[in-house]
Every structure is written in structure tokens, then in C-alpha cells.
Amino acid sequence: MVPFHAFKEQPMKPFFYGHRYLSFIKGHNVPHIRRNVSTTVTAGMESKEGLKLLVVGEPRAHKMVGIWLFGSAAWVFSMVVLGGITRLTRSGLSMTDWKFTGSLPPLSDEDWLNEFEKYRQSPEYKRVNRGMSIEDFKFIYWMEYAHRMWGRGLGIMFALPFSYFLRKGYITLRLGVKLSGLFALGAGQGLIGWWMVKSSLEEPPSEYVQPRVSPYRLAAHLTSAFVIYSGLLWTALSVVMPEPPAESVAWVHGAAKVKRLALPVGLIVGITAISGAFVAGNDAGHAYNTFPKMGDTWIPDDIFEMKPLIRNFFENTSTVQLDHRILATSTLASLGALWWFTRKVDMHPTIRSLIGSTVGMAGVQVTLGVSTLLSYVPVSLGSAHQAGALTLLTLMIILNHTLRKPSLSLLKSLPQVAKTV
């Protein structure tokens with residue numbers, strides 16, 4: 001158990017950080033800051049005008065914690081992609097039980113036969129994979145087993161460095177609370193995953209319906225993963241870049257203008273990504289494999305056939321796919337509008353580059369989505385489309401993080417206009 005005093009919130013010593021440094025003129029204490037993408041952090045964390053850091057220690061401590069958090073975020077990214085592949089290969093229902101600590105895989109022929117027999121009792125085997133050989137079963141079993149163990153590996157990879165950094169006194173109270181919350185969400189993700197899988201182990205209401213996981217539970221599982229990833233990425237960025245790139249007051253004002261547009265656009269990107277979970281949960285990608293029309297019409301006739309009306313937006317295949325198309329188009333259009341309305345705003349070049357990259361990624365993602373639909377959702381394109389959604393979300397997170405308001409101490413030190421070289 002880590003003692004409470006392991007969380008430290010104390011003044012920092014001045015240190016060199018990235019491309020920015022702080023030096024004090026003898027007898028004047030006037031900061032001279034070389035302003036680049038990264039940030040200078042100085043003493044006086046307790047100052048109202050100063051900057052409160054998330055990590056205590058020398059630059060090496062910031063670097064170590066930053067690498068750890070970026071590595072954890074990358075691991076979650078890979079988990080999302082692996083989960084998509086597991087779903088697309090219909091491997092997620094191959095393991096019909098779950099233990100929080102995990103268990104060894106089958107090690108003998110008898111073990112494999114026992115696992116296969118459990119699977120043969122499941123609705124998926126009876127209605128979809130009847131006659132499957134044990135060799136085919138081993139493939140889907142290993143896919144699901146790898147997905148589960150990769151998640152448990154993430155828990156270990158997160159918890160051990162976290163304990164180490166706490167004992168070294170690198171983690172402030174504020175950062176410790178954030179990371180503890182993210183760790184709790186990660187631990188609960190396994191429970192949500194099993195809750196999702198369990199929904200498909202019950203017999204469907206009709207003999208003509210294929211067993212599949214609840215779209216609501218799938219959306220909860222994916223949303224939780226996105227929240228964990230976003231939290232890790234934002235926190236990692238805050239550790240390595242405590243201040244946004246700001247070389248003049250004019251650029252700070254420009255960033256504020258961009259932020260007013262970037263926040264709602266980021267919300268649209270997130271909603272579009274979550275709507276993809278309902279497309280997957282309803283197998284909506286296997287219907288209306290045409291574009292831009294849905295079959296022979298622009299809007300199917302049955303989009304409001306379920307009662308109550310709200311169910312259509314989450315359970316009706318036609319409505320769910322139509323919603324995703326509209327949201328994807330809205331995402332591309334809103335990002336294009338963001339670029340158009342900010343093209344003449346005086347802003348840091350980093351922000352301008354991020355906007356351009358995000359618009360480009362949105363175009364790639366829409367192309368991947370259309371290609372996946374027209375190709376009847378092959379594993380390669382389907383998994384690439386899911387990875388593309390998380391990549392687009394990543395760029396929006398970085399953009400919004402870069403648009404933060406600088407601390408008052410930095411703002412007071414900035415010239416009105418950036419110096420041109």
C-alpha cells in the first residue's frame with residue numbers, strides 16, 4: 001500500500017525543459033524564455049500566477065513519466081484495434097467464461113476438447129458455426145485469449161511504474177488522483193467486456209436471428225476504452241507540455257478563436273466514433289453496401305418502424321447506418337469549416353499544421369469507411385477504419401490540448417507580436 005504522503009505537491013526547482021529554458025539575470029530575476037513547442041517550468045508552483053506541475057523532480061523525472069504515459073496510451077490504442085479484429089473475425093464469443101485474474105490456455109488435447117465442448121453449447125456455434133473443426137476453433141479462441149491477456153498486461157505495465165513513481169515522489173496529488181481514476185476505469189473495462197460477451201450467450205428470441213452482443217454493451221465497452229485512451233493521452237501531453245506553444249499575445253488570442261470552434265468539432269468526432277459501435281453491434285455494415293445511396297434510395301423506408309421511436313437510433317440497422325453516414329459527413333464538413341474559418345487567423349504554426357493534419361485524416365477516415373462498406377467489411381479494412389477513428393480522435397485531442405490558455409506568468413512575459421526570423 002502506498003502511503004498518502006507519497007503524493008507530493010511542492011515547489012519545483014528551475015530546470016531545463018525541452019527546447020525552452022529559464023535563466024535569471026543576476027540581481028533582476030527576469031525570465032528570458034526561448035519559446036518553442038515545449039514549455040519552461042519554474043519555481044513557485046504554489047503561486048497563483050505560476051504553473052502547477054503534474055510531476056515533481058528534474059527533467060529526467062518528467063521524461064520518464066511522459067514516456068510511461070504515452071506508452072500506456074499506445075497500449076490502449078493497440079487494445080482497441082485488437083478488439084476490433086477480434087470482433088470482425090467473430091472470435092469474441094469463443095471463450096464462454098471469464099475470470100478476473102485470467103487463466104492458462106488449454107495445454108493438452110483434452111483441455112482443448114473441453115473448451116470446444118463449452119463453445120458447442122453456445123448459440124453462436126449452433127446458429128453460425130455449426131460443424132466448425134477444432135482447428136478453426138483454436139484460431140478464434142487464441143484471438144479472444146490474446147485480447148484478454150493483452151488487457152491484463154496493460155494493467156501490470158501501468159501499475160508497476162505507477163507504484164515506482166509514487167515511491168520516488170515524482171507524482172503530485174493532482175496527477176495521482178487522475179491516474180488512480182484511469183486505473184480504476186481500466187480495471188472495470190474487463191468487467192464491461194465480459195458483461196458485453198455474456199449478452200450473446202443467451203438464446204436469441206427468434207430462430208432466424210444470429211446471436212450477437214448487445215449494441216448498448218458494445219458501445220459502453222468501446223466508449224470506456226476511448227475515455228481511458230483520451231485521459232492517458234491528455235495527461236501525458238500535460239506532463240511533457242505544461243504550457244501551450246505561445247510566442248506572442250497575438251498568437252494566444254488566435255488560439256482562443258480557434259478553440260471556440262475546435263471544441264464542438266471535437267465533440268462531433270467523438271460522437272461519430274461512438275456511433276460506429278452501434279453500427280458494429282447491429283452488424284449494420286453488412287447492410288446497404290452501396291454509396292452514396294442506401295440501396296436504391298437516399299433514406300430507407302423503415303428507419304422509424306420500431307416502437308418506441310428512440311429504439312430506432314440504437315437498434316434499427318437502417319437508422320443506425322444512416323446516422324453514421326450523416327455523422328461521418330458532418331465530421332468531415334465541420335473539420336473543413338474549421339480549416340476555412342481559421343485560415344486567416346494569426347496563430348502558432350504548430351496549430352495550423354495540426355488543423356491541416358486533422359482535416360487530412362478526416363478525409364482518409366471517410367475513404368476508409370466507404371471502402372469498408374462497399375467491400376462488405378473485410379477484416380483488414382474494418383480494423384483500419386476503427387484505427388482511423390482513434391487516430392482522428394488523437395489529433396483532435398492534441399489540437400485542443402495545444403489550444404489551452406497559457407499561465408498568467410507566461411502570458412505576462414510574451415511580446416504583443418511574434419518575432420519573425
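The values are calculated or read from the model by the stated rules, or taken from the named source; none is laboratory data. Note that the structure is a prediction, hence the values are computed from the model and not measured. Reconstructed Cβ throughout: ideal geometry from the backbone, glycine too, with neighbour counts over all protein chains shown. Areas reflect the complete protein model, heavy atoms only, side chains present, ligands, DNA and RNA absent. Shrake-Rupley method; radii C 1.70, N 1.55, O 1.52, S 1.80 Å.
Observations on the model:
- Equivalent ellipsoid dimensions for the chain as semi-axes, Å, which come from the Cα gyration tensor, largest first: 45, 29, 15
- Spin-label model distance (nm) - Phe341 vs Phe291, 7 Å beyond Cα toward Cβ: 2.6 nm
- Alpha-carbon centroid distance for the pair region 382-421 / region 119-188, whole angstrom: 30 Å
- Modelled this way, with points 7 Å down the Cα-to-C-beta line, the labels at Ala146 and Ser108 are 2.7 nm from one another.
- Residue with peak Gaussian network fluctuation, the chain [Cα springs, cutoff 10 Å], from Arg352, Arg311, Arg325: Arg311
- Taking the 1.4 Å solvent-accessible surface of the chain as the whole, the part contributed by carbon and sulfur is 65%.
- Contact order relative to length of the chain, as percent, for alpha carbon pairs under 8 angstrom and 6 or more apart: 21 percent
- Column: log10 I(q)/I(0), Debye, Cα scatterers of region 80-192, q = 0.20 Å⁻¹: -1.07
- Amide N proximity, region 260-276 versus Phe313 label position 7 Å along Cα-to-Cβ, cut-off under 17 Å: 267-276
- Note on Trp98/Ser353: beta-carbon distance plugged into 1/(1 + (r/R0)^6) with R0 of 45 Å gives a FRET efficiency of 0.50.
- The HN-Hα couplings worked out from phi for region 283-299 by the Karplus form 6.51 cos²θ - 1.76 cosθ + 1.60 (θ = phi - 60°) are 6, 5, x, 8, 10, 6, 7, 9, 7, x, 6, 9, x, 9, 10, 7, 10 Hz, whole numbers, x standing for Gly and Pro.
- Rg over Rh for region 292-419 works out to 1.13, using Cα positions for both radii and the Kirkwood form for Rh.
- The translational diffusion coefficient of region 339-379, from Stokes-Einstein at 25 °C and 0.890 mPa s with a Kirkwood hydrodynamic radius over alpha carbon pairs, comes to 205 µm²/s.
- Assuming charge only on the beta carbon of Lys and Arg (+1) and of Asp and Glu (-1), the dipole of the chain about its Cα centre is about 2300 debye to the nearest 20.
- Solvent exposure of the chain as accessible area per residue, Å², 1.4 Å probe: 51 Å²
- Convex hull per residue volume in Å³, alpha carbons only, for region 229-344: 138 Å³
- At the listed q of 0.15, 0.16, 0.20 Å⁻¹, the Debye profile of region 182-296, built from one uniform point per Cα, gives log10 I(q)/I(0) equal to -0.88, -0.94, -1.15.
- For region 261-316: rounded, prolate or oblate by the Cα gyration tensor [a/c cutoff 1.5]: prolate
- Considering helices alone, the calculated mean residue ellipticity of the chain at 222 nm is -21000 deg cm²/dmol, with DSSP H runs of length four and up weighted by -39500 (n - 2.57) and normalised per residue.
- For Arg90 and Val370, the FRET efficiency from 1/(1 + (r/R0)^6), where r spans their Cβ atoms and R0 equals 30 Å, is about 0.80.
- In this structure the amide hydrogen of Ile171, modeled in the peptide plane, comes within under 5 Å of the amide hydrogens of Lys8, Val56, none closer than 5 places in sequence on its chain.
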